[in-house]
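J.: Below is the structure I would like to discuss, written out as structure tokens.
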Amino acid sequence: MKVLFSWLKEFVDVPGTAADVAARLSVRGFAVEGIDGAGDDTVIDFEVTANRPDCLSVLGLAREVATAYGLPLREPAEDTALATLIPVRGPRSSDPGTVISVHLDDPDLGPRYAGAVADVTVGASPEWLQARLRGAGVRPISNVVDITNYVLLELGQPMHAFDLTKIGGAEIRVRRAKAGERITTLDGQQRALAPEMLVIADARAPIAIAGVMGGADSEVGGATKAIVFESASFNANSVRRTSKALGLKTEASTRFERGVDPDLPLLAMRRACALLAATGAGKARGQVVDAYPAPVSPRRMALRRARLSGLLGVTVPDADVTRVLSALGFGLSPSPDGWTVTVPTRRVDVLREVDLIEEVARHYGFDRIPATFPALRTAPPAMDPRIARARHLRTILTGAGFSEAVTFGFMAEAAAAPFAAAGNLASIANPLSETFAVLRPSALPGLLDAVAHNRRREQRDVRLFEIGNVFSKACGERRSLTMAWTGASDVPHWSSPAAEVTFFDMKGAVERVCRALRLEATTETHVEPWLVAGQTASLLSGGRRIGVLGRLTSALAERHGLPGDDAVFVADIDLDAADAAAGTREVHVVPLPRFPSVTRDVAVLVDDTLPAAALRATIRRAAPPSLTDLREFDRYQGKGVPEGKVSLALRLTFRAADRTLTDAEVQAAMETIVKALVSEHGAVQR
Amino acid sequence: MADASIDTLRAHFQARLAAAASERDLKTIDDEFLSRKSGSVTALMQTLKTLPPEERRGFGAAVNALKSEVETALAERKATLEASRPPAGAVDITLPGREHAVGRIHPLMRVRQEVEDIFSRMGYEILEGPEVEDDFHNFEALNMPPDHPARDMQDTLYLDAPIVGGIWGGHRASQNGGRVPDAQVRAATLLRTHTSAMQIRYMKTFPPPVRILVPGRVYRRDNLDLTHTPMFQQCEGLVVGEGISLADLKGTFEALLTGLFGDVKVRLRPSFFPYTEPSAEIDISCQSCGGSGCGVCKHTGWLEILGSGMVHPAVFEAVGYDPDKVTGFAFGMGMERVAMLKYGVDDIRLFYENDLRFLEQFPL
């Protein structure tokens, strides 16, 4: 709300500068967006929160300024020119030449309507009036229209002016639109009306959309000689819904949907008529018709002294309570434990005691509230294990060379499609753009975009991970860990050539994650359309699939803007499923071995299609319990190894808990193992 | 005349020797001065023949003295250089070491962890909630019935069909008779616009007192620009109990914000949120100008950092707490805002591009 400083001063004799006023109000609930010079005047731009429609006006802000400075407020009603017209209660009049008849067909949506007929000479407004409008960011149009805008800005009451000759039957009917009715609004748009919308109609058709915008047919123009001023109350929700349905937001609708003082229409009408006379734009003909069958009575509520000090944590002196509330226009009478407060009707936001406490606190000063600390009366529970897990994973993964990425939870449907079956994507009903049309079924597309972003910016070696939620219709919301790795397998160094990342680098990282999560995980050959066949594995634990890892197909890589011939390895792990399969985090230390171990190496030639896991399983089965460790240390194909075969070398470690093993024992074990390898896999010992 | 040429040569030799850094340099100098064919000392000696006989003797002795001086100096320097030669097996320790790849924690998560740690020290339970929500928990129970104008402040993304939301609070089930009744969003219809939705779930499940911090992602129907993203990170806090006051809120935030930003002043400024009353924006004094006013703080000396307030009685009523018995405060803080101020980031999009050149600016 932009206000000229001189206009504010018309209502309160504030001594300070505009900057001083801005500083005081900004700590009383009205943040200041800017202070700008306007000729020899100043415009202050106040941010008015949605609960304070009464301050979308110069008078409302002046009341706040007066309260802040402890100064009296000059009410505009004191202007004697406003008293020249005497209102008539009741909708009809016997004198149709000077008044307009008003019918409230739907008092729930349109509870009050004041109308007055005036003769006018349409022209330009005086310069002082135009300057005030311009200061507030409103374009001057003509004296009649400018007066309605002036009253809107000054008092907060939206007004409208109709050309009297264009109102059929000299009657105003406030009613719901009829099915099929249309209206061309002042902005030149033709709009279809619906029966839940409130309109102002003449005897034949709608001439305005109530509280939103007037109709073009009854617009005041250069040839207009007589007008009807409208100053009315409309139901806030109704205006809001209509404005939303039509996609039409105006100064009037903004105020009505937040709530305009039901007591204001008459005062505003008097002010408008007085301005007509004062600016020489015209003269009201007769009386104001004020249809207001069920006047709103002010709310009354209790304000308890103990509640006030309890909620604020400070005792506010009674004198400050009465000073602040009275200055804001509240009526106070003492009660045994505090006050009974009468709330002015303009304060649509004050509905209960706590709202009064806020009023007192705002003007008493938040800076006078002491800083204390809430007492802790119960022991705090442990941190959510999911947060602790994320922190743990961050440590593990950054230690493994992965940087953490954060990507959006939604994405384009095409990017999501490879990761969810058709119909399983959770789509957004009102996306802002195609880029954010569906909730992500996997974090991989977002992560690949981040990898591609880095690749395009001379970052060849990229390792990223993200911990975040993924969504689908079938599985709902789940937590996942996603990893991507392209480029070198380690930091390049002068001592050895840089190796490119392989499947086993990524598998190693995944295995580390599994250890961190206390997962006994195995891998199994797997097929995924977006991963390269033969370099894809699913991760299993506790008999359930908990993730997948492998090399990205060049087709998918290219779709994300990555060079198709670069190896990109990815992994995607369902952390919720991993949690279900995880072992205990409790540690029980086993005694360290007291007897030495014996190691033996064995190299065998086997078919190159035989999985190492099968070989291991056979060795485990054939070996005595003293086999404590088994690991592959060489795999060779090439010169000296027949086509279709592979030479695999394994190192076996034997140890007994209660004695030193003899050579003969170990030798016997090795012979049994080799025999088993020969008979089960046709292995040839090298 | 002849003595002068000896002195010149000596001075020249001393300058050359002083500049010599290696045995190779010494060999060059040796050749230059002492070579039988072309050495400059040798050449000087050969000028002996051209001198008058009475001068020869003295000159010859002087040149010989210079020669032995050069020889001694070169030998001494050579010995020094040899003594400083690296021992066998020495490596060039000036070469770069072998570095193992190490990644960085995302700056938004750094800030989030820092906030979690501060609240953890203050006895808060830190927990997460679902990102997809229903209208009741995201709006209605937070004193935002349908048609409430404040819903415009948070433009919402809706789902085209309901899905099941994530589970929260499973770890607390044992303390609640095995039950977390409001643990799962059975039919989520929207993306939560704030973490405040968890206030409702928590209070519907657990009785007061409450002291929680809920970090997580939230979503708004916003375009991506310098200061907005359609998804961002929030930390929501809620403290409920008997006698909790606005003064407690103030004390808590002085502790948090000085913890996060160091020596800053903290101020509360009245504001409006439907779910708190009174509501307050919390500002810190501008670090760029120290509070005197500059471009960063729009010449106010203050920077808005988060929204807070005393829990609205209507919220307590919605979850079955008695607003006459308990009071509380709540707050919501954007991690992007904190990170931008703390790290001097002026474009919010940097957080979501995940550019390694950005991420690697944060220390390990």
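The values are calculated or read from the model by the stated rules, or taken from the named source; none is laboratory data. In this text the structure is predicted, and so the values were computed from the model without any measurement. Reconstructed Cβ throughout: ideal geometry from the backbone, glycine too, with neighbour counts over all protein chains shown.
J.: Give the residues of the range A:442-454 that are over 21 Å from A:LEU393 (Cβ atoms) and more than 9 Å from chain B (Cβ to nearest Cβ), sorted by residue number.
T.: Matches in the range A:442-454: A:ALA452 only.
J.: Now for a separate question. Take A:ARG457 and decide whether it is assigned to a loop (DSSP other than H, G, I, E, B), at the interface with chain B (Cβ under 7 Å from one of its Cβ atoms), under 27 Å from B:HIS171 (Cβ atoms) and of a type in the set (D, E, K, R).
T.: No, not satisfied.
J.: If you don't mind, another one. Within the range B:232-267, which residues are farther than 18 Å from A:ARG368 by Cα, buried (at least 22 other Cβ atoms within 10 Å of the Cβ) and within 8 Å of chain A (Cβ to nearest Cβ)?
T.: B:GLN233, B:VAL239
J.: What's the number of the condition A:GLY169 fails, among (1) farther than 29 Å from A:ALA245 by Cα; (2) in a strand (DSSP E or B); (3) of a type outside the set (A, V, I, L, M, F, W, C)?
T.: The single condition A:GLY169 does not satisfy is (2).
J.: Among the residues of the range A:240-271, which ones are within 25 Å of the chain's Cα centre (by Cα), within 17 Å of A:TYR150 (Cβ to Cβ) and not in a helix (DSSP H, G or I)?
T.: Selection gives A:THR250 alone.
J.: Hey, another quick one. Looking at (1) touching a strand residue (DSSP E or B) at 6+ places or on another chain (Cβ under 9 Å); (2) charged (D, E, K, R); (3) more than 20 Å from A:ALA484 (Cβ to Cβ), which is the one condition that is false for A:ARG440?
T.: Here A:ARG440 clears every test but (3).
J.: For the range A:29-48, how many residues are over 30 Å from B:GLY309 (Cα atoms) and out of contact with any Leu (no Cβ under 8 Å at 6 or more places or on another chain)?
T.: Looking only at that region, the number is 4.
J.: Taking the stated definitions as given, is B:PHE329 buried (at least 19 other Cβ atoms within 10 Å of the Cβ), at pLDDT 95 or above and in contact with a strand residue (DSSP E or B) (Cβ under 6 Å, 6 or more places away or on another chain)?
T.: It is true that B:PHE329 is buried (at least 19 other Cβ atoms within 10 Å of the Cβ), at pLDDT 95 or above and in contact with a strand residue (DSSP E or B) (Cβ under 6 Å, 6 or more places away or on another chain).
J.: Show the residue pairs meeting these rules: Cβ distance below 6 Å; 6+ apart or different chains; first residue within the range B:295-308 and in contact (Cβ under 8 Å) with a residue 12 or more places away in the chain; second residue β-branched (Val, Ile, Thr).
T.: These pairs meet every condition: B:LEU303/B:ILE284; B:ILE305/B:ILE282; B:ILE305/B:ILE284; B:LEU306/B:ILE282; B:SER308/B:ILE282.
J.: For the range A:512-532, how many residues meet the condition of being part of a helix (DSSP H, G or I) and either crowded, with 16+ Cβ neighbours inside 10 Å or over 40 Å from the mean Cα position of the chain (by Cα) (or both)? Before the answer, list the steps.
T.: Pass one, the range A:512-532, residues part of a helix (DSSP H, G or I): A:512-516.
Narrowing further to those that are either crowded, with 16+ Cβ neighbours inside 10 Å or over 40 Å from the mean Cα position of the chain (by Cα) (or both): A:513-514, A:516.
So the count comes out to 3.
J.: Then there's this: Cβ-Cβ under 8 Å, sequence separation 6+ or interchain: first residue in the range B:101-119 and within 7 Å of another protein chain (Cβ to nearest Cβ), partner basic (Lys, Arg) and not in a helix (DSSP H, G or I). Which pairs?
T.: Here the result reads B:ALA101/A:ARG463; B:GLY103/A:ARG463, each pair linking the range B:101-119 to a residue that is basic (Lys, Arg) and not in a helix (DSSP H, G or I).
J.: Exactly one of these conditions fails for B:CYS286: (1) more than 9 Å from chain A (Cβ to nearest Cβ); (2) at pLDDT below 90; (3) surrounded by fewer than 22 Cβ atoms within 10 Å (Cβ to Cβ). Give me its number.
T.: Tallying (1) more than 9 Å from chain A (Cβ to nearest Cβ); (2) at pLDDT below 90; (3) surrounded by fewer than 22 Cβ atoms within 10 Å (Cβ to Cβ), B:CYS286 fails exactly one: (3).
J.: Another question about this same structure. Six or more apart or on different chains, Cβ under 9 Å: which pairs go from a residue in the range A:158-183 that's closer than 22 Å to A:PHE256 by Cα to one that's part of a helix (DSSP H, G or I) and of a type in the set (Asp, Glu)? Could you list them?
T.: A:PRO158/A:GLU251
Yes/no per residue for (1) in a loop (DSSP other than H, G, I, E, B); (2) away from every other protein chain (no Cβ under 11 Å); (3) touching a residue at least 12 places away in the same chain (Cβ under 8 Å); (4) surrounded by fewer than 15 Cβ atoms within 10 Å (Cβ to Cβ):
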| site | (1), (2), (3), (4) |
| --- | --- |
| B:ARG269 | no, no, yes, no |
| B:GLY291 | yes, yes, yes, no |
| B:MET310 | no, no, yes, no |
| B:ALA314 | no, no, yes, no |
| B:LYS325 | yes, yes, yes, yes |
| B:LYS342 | no, yes, yes, no |
| B:PHE351 | no, no, yes, no |
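J.: Note down all Cβ pairs under 7 Å where the first residue falls in the range A:33-49 and is farther than 11 Å from A:VAL3 by Cβ, the second is aromatic (Phe, Trp, Tyr), and they're at least six residues apart or on different chains.
T.: A:GLU47/A:PHE30; A:THR49/B:PHE272
J.: Please tell me if A:VAL65 is at pLDDT 95 or above and either surrounded by fewer than 19 Cβ atoms within 10 Å (Cβ to Cβ) or within 23 Å of A:ARG323 (Cβ to Cβ) (or both). Can you show your working first?
T.: Numbers: at pLDDT 95 or above: yes; either surrounded by fewer than 19 Cβ atoms within 10 Å (Cβ to Cβ) or within 23 Å of A:ARG323 (Cβ to Cβ) (or both): yes.
Considered against the rule, which asks whether it is at pLDDT 95 or above and either surrounded by fewer than 19 Cβ atoms within 10 Å (Cβ to Cβ) or within 23 Å of A:ARG323 (Cβ to Cβ) (or both), A:VAL65 comes out as yes.
J.: Still on this model: For the range A:3-48, which positions are among the charged types (D, E, K, R) and either under 32 Å from the mean Cα position of the chain (by Cα) or in a strand (DSSP E or B) (or both)?
T.: Hits for the range A:3-48 are A:ARG24, A:ARG28, A:GLU33, A:ASP36, A:ASP41, A:ASP45, A:GLU47.
Each row is one residue, and each column tells you yes or no for (1) within 10 Å of another protein chain (Cβ to nearest Cβ); (2) at pLDDT 90 or above; (3) part of a helix (DSSP H, G or I); (4) more than 30 Å from B:PHE253 (Cα to Cα).
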{"site": "B:PRO130", "(1), (2), (3), (4)": "yes, yes, no, no"}
{"site": "B:PRO146", "(1), (2), (3), (4)": "yes, no, no, yes"}
{"site": "B:ASP152", "(1), (2), (3), (4)": "yes, no, yes, no"}
{"site": "B:ASP155", "(1), (2), (3), (4)": "yes, no, no, no"}
{"site": "B:LEU159", "(1), (2), (3), (4)": "yes, yes, no, yes"}
{"site": "B:GLY165", "(1), (2), (3), (4)": "yes, no, no, yes"}
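Residues are listed down the side, and each one gets a yes or a no for (1) closer than 19 Å to A:ILE573 by Cβ; (2) more than 10 Å from chain B (Cβ to nearest Cβ):
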| position | (1), (2) |
| --- | --- |
| A:ALA474 | yes, no |
| A:ARG478 | yes, no |
| A:LEU481 | yes, yes |
| A:THR486 | yes, yes |
| A:TRP494 | no, no |
| A:ALA498 | no, yes |
| A:VAL513 | yes, yes |
| A:ALA516 | yes, yes |
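J.: For residues in the range B:327-340 being within 12 Å of chain A (Cβ to nearest Cβ) and not acidic (Asp, Glu), which is farthest from B:ALA314 (Cα to Cα)?
T.: That would be B:ALA339.
J.: Consider only pairs whose beta carbons are under 6 Å apart and that are at least six residues apart or on different chains; among these, list those whose first residue lies in the range B:198-225 and is within 10 Å of chain A (Cβ to nearest Cβ) and farther than 13 Å from B:TYR124 by Cα and whose second residue is hydrophobic (A, V, I, L, M, F, W, C) and in a loop (DSSP other than H, G, I, E, B).
T.: Sorted first by the residue in the range B:198-225, then by its partner, the pairs are B:PRO208/B:VAL326; B:TYR219/B:LEU157; B:ARG221/A:LEU432; B:ARG221/B:LEU157.
J.: Using the structure shown, decide if A:VAL491 is farther than 30 Å from A:VAL587 by Cα and assigned to a loop (DSSP other than H, G, I, E, B).
T.: yes
J.: Could you list, in sequence order, the residues of the range B:170-196 that are modelled with pLDDT under 75 and under 19 Å from B:GLU131 (Cβ atoms)?
T.: B:GLY170, B:HIS171, B:VAL180, B:ASP182, B:ALA183, B:GLN184
J.: Given B:ALA18, B:ALA88, which one is assigned to a loop (DSSP other than H, G, I, E, B) and surrounded by fewer than 16 Cβ atoms within 10 Å (Cβ to Cβ)?
T.: B:ALA88
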